[in-house]
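The values are calculated or read from the model by the stated rules, or taken from the named source; none is laboratory data. Since the structure is predicted, the reported quantities are computational estimates derived from the model, not experimental observations. All Cβ positions, glycine included, derive from the backbone under ideal geometry; neighbour counts span all protein chains shown.
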Amino acid sequence: MNKIHFHSIDALRFFAFLKIYLLHVPVQGDFPIFSYLKSGGGIGVAFFFVLSGFLITYLLVFDKIENGQINIKKFLIRRSLRIWPLFYLMVIIVFLLPYEFKQNAGFHMVGGGYDLDWRYSFSFLENYKMLILDLPVKTTPLTVFWSLCIEEHFYLFWMTSLFFIPIKHLKKFFVISFFIAWAARIIEPLIFENVRIDSNDLFTNLDYFASGGILGFMVAKDYNKVATFIQKIPTWIKYSVIVFVILIVVFQKEILPYETGSIFFIFRSSIIAIIFTFLIAVFIPLNSVIKIKNPVLSYLGKISYGLYVYHIIWIHVIFQYMINRNIKIDDWLTLSIFIGVTLGGSVLVSSLSFRYFETPFLSLRERLTKTRSK
């Protein structure tokens with residue numbers, strides 16, 4: 001059986017990025033509707049975590065079933081050549097740029113943060129410094145790299161776990177992962193003075209990955225069985241799932257209140273993870289009547305990694321330009337122009353980056369991991 005590419009998921013990637021983008025758009029006026037759309041943008045990162053859990057588990061379990069064991073070398077090469085080139089390009093550029101240029105051009109976050117530390121930035125440990133200090137790094141685009149660090153830690157932890165754990169015991173492992181996440185959210189704030197309950201480390205986010213992982217495991221074991229089951233679910237129920245997800249994304253503070261002192265908060269992320277897993281499941285059958293066929297959305301999802309990295313640079317630089325000229329984002333026209341310039345610029349640069357910088361590395365990984373025919 002050949003591996004499956006779930007095309008509709010590419011579009012979902014872009015929608016998740018869009019939620020994150022809106023969160024980072026600064027506003028200085030009264031925009032009630034827009035404020036609802038941009039609030040709780042971190043849920044976009046949560047979706048990326050659930051999606052990673054699904055896709056990575058699917059690939060690892062598929063490899064283990066087909067070949068008897070996970071090819072660790074192949075997995076590491078493929079993940080590294082997807083994430084590292086753009087990650088390290090940005091890190092190196094940020095460290096090489098003169099301090100005054102970064103200050104004047106808007107690379108330094110308004111409101112401050114901690115100074116660059118190469119030991120954390122180059123070793124995918126930026127999230128832990130942010131976690132301990134309860135502050136972001138002040139230099140863009142590293143301000144959003146904490147989630148990429150968590151992704152890297154997830155790859156290593158998941159690959160190692162699935163390598164050693166037999167297929168028949170993986171369901172138990174996924175369930176245990178939920179308990180680990182709940183325990184981490186209780187224990188970490190008690191150990192570290194500055195750590196919030198919603199920390200920036202792998203283990204407090206493990207239920208996101210595990211929830212997607214359960215679906216990925218089921219699809220890898222028997223795609224046809226899963227797809228047939230989903231196909232039999234009435235279409236109105238599937239559309240209801242999509243509508244419910246939209247409501248959660250827009251009105252999450254009302255539907256799933258963000259109360260850090262409550263017991264409910266310990267399980268809030270798990271509820272969101274399960275909801276997103278159901279959303280992904282809706283698009284699993286390749287012949288489903290519910291598809292996102294738009295090629296533009298699919299392409300934007302394909303370049304979503306670049307969009308995630310570059311959008312924050314555009315937002316900070318253009319916002320600094322406006323500050324220097326005493327231009328405020330306090331009316332719909334200015335806000336629309338700001339979104340058009342920053343989002344359009346992000347798409348342009350991400351497209352060029354994907355075509356001329358990232359694609360050569362993706363081609364290299366295909367050559368390095370190509371299975372020779374017997």
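For region 291-314, the set of residues classified as touching a Ser or Thr at 6+ places or on another chain (Cβ under 7 Å) and closer than 20 Å to Val241 by Cα consists of Lys291, Ile292, listed by residue number.
Quick grid of which residues meet (1) acidic (Asp, Glu); (2) touching a Ser or Thr at 6+ places or on another chain (Cβ under 8 Å); (3) touching a residue at least 60 places away in the same chain (Cβ under 8 Å); (4) buried (at least 19 other Cβ atoms within 10 Å of the Cβ):
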{"residue": "Leu81", "(1), (2), (3), (4)": "no, no, yes, yes"}
{"residue": "Tyr88", "(1), (2), (3), (4)": "no, no, no, no"}
{"residue": "Phe124", "(1), (2), (3), (4)": "no, no, no, yes"}
{"residue": "Leu142", "(1), (2), (3), (4)": "no, yes, no, yes"}
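None of Ser199, Ser177 is not charged (D, E, K, R) and not in a helix (DSSP H, G or I) except Ser199.
Within region 51-75, the set of residues being buried (at least 22 other Cβ atoms within 10 Å of the Cβ) and not aromatic (Phe, Trp, Tyr) comprises Leu51, Gly53, Ile56, Thr57, Leu60. The residues of region 292-305 that are more than 19 Å from Phe48 (Cα to Cα) and either touching a residue at least 12 places away in the same chain (Cβ under 8 Å) or among the charged types (D, E, K, R) (or both), listed by number, are Lys293, Asn294.
To keep it simple, each residue is scored yes or no on (1) more than 30 Å from Phe164 (Cβ to Cβ); (2) over 23 Å from the mean Cα position of the chain (by Cα).
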site	(1), (2)
Tyr21	yes, no
Pro32	yes, yes
Ser35	yes, no
Lys38	yes, no
Val50	no, no
Leu55	no, no
Leu59	no, no
Ser80	no, no
Leu96	yes, yes
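Of the numbered criteria (1) among the charged types (D, E, K, R); (2) under 30 Å from Trp182 (Cβ atoms); (3) touching a His at 6+ places or on another chain (Cβ under 8 Å), the one Arg268 fails is (3). Of all residues in region 216-256, those satisfying the criterion of being closer than 19 Å to Phe62 by Cα and of a type outside the set (S, T, N, Q) are Gly216, Phe217, Met218, Val219, Ala220, Lys221, Asp222, Tyr223, Lys225, Val226, Ala227. Of the residues Phe107, Phe48, the single one that is in contact with a strand residue (DSSP E or B) (Cβ under 6 Å, 6 or more places away or on another chain) and surrounded by 15 or more Cβ atoms within 10 Å (Cβ to Cβ) is Phe107.
Yes or no: His5 on the phi < 0 side of the Ramachandran plot and over 18 Å from the mean Cα position of the chain (by Cα)? Against the criterion (on the phi < 0 side of the Ramachandran plot and over 18 Å from the mean Cα position of the chain (by Cα)), His5 qualifies. Counting only residues that are outside any loop (DSSP other than H, G, I, E, B) and closer than 18 Å to Tyr223 by Cβ, which one in region 280-305 is nearest to the chain's Cα centre (by Cα)? Looking at the filtered set, the residue picked out is Ile280. For first residues located in region 333-356 and at pLDDT 95 or above, partners that are assigned to a helix (DSSP H, G or I) and among the hydrophobic types (A, V, I, L, M, F, W, C) and lie 6+ apart or on another chain with Cβ distances below 6 Å form the pairs Val341/Ile318; Thr342/Trp314; Thr342/Ile315; Thr342/Ile318; Gly345/Trp314; Ser346/Leu307; Ser346/Trp314; Ser350/Leu307. When restricted to residues that are in contact (Cβ under 8 Å) with a residue 60 or more places away in the chain and of a type in the set (S, T, N, Q), region 314-332 contains 1.
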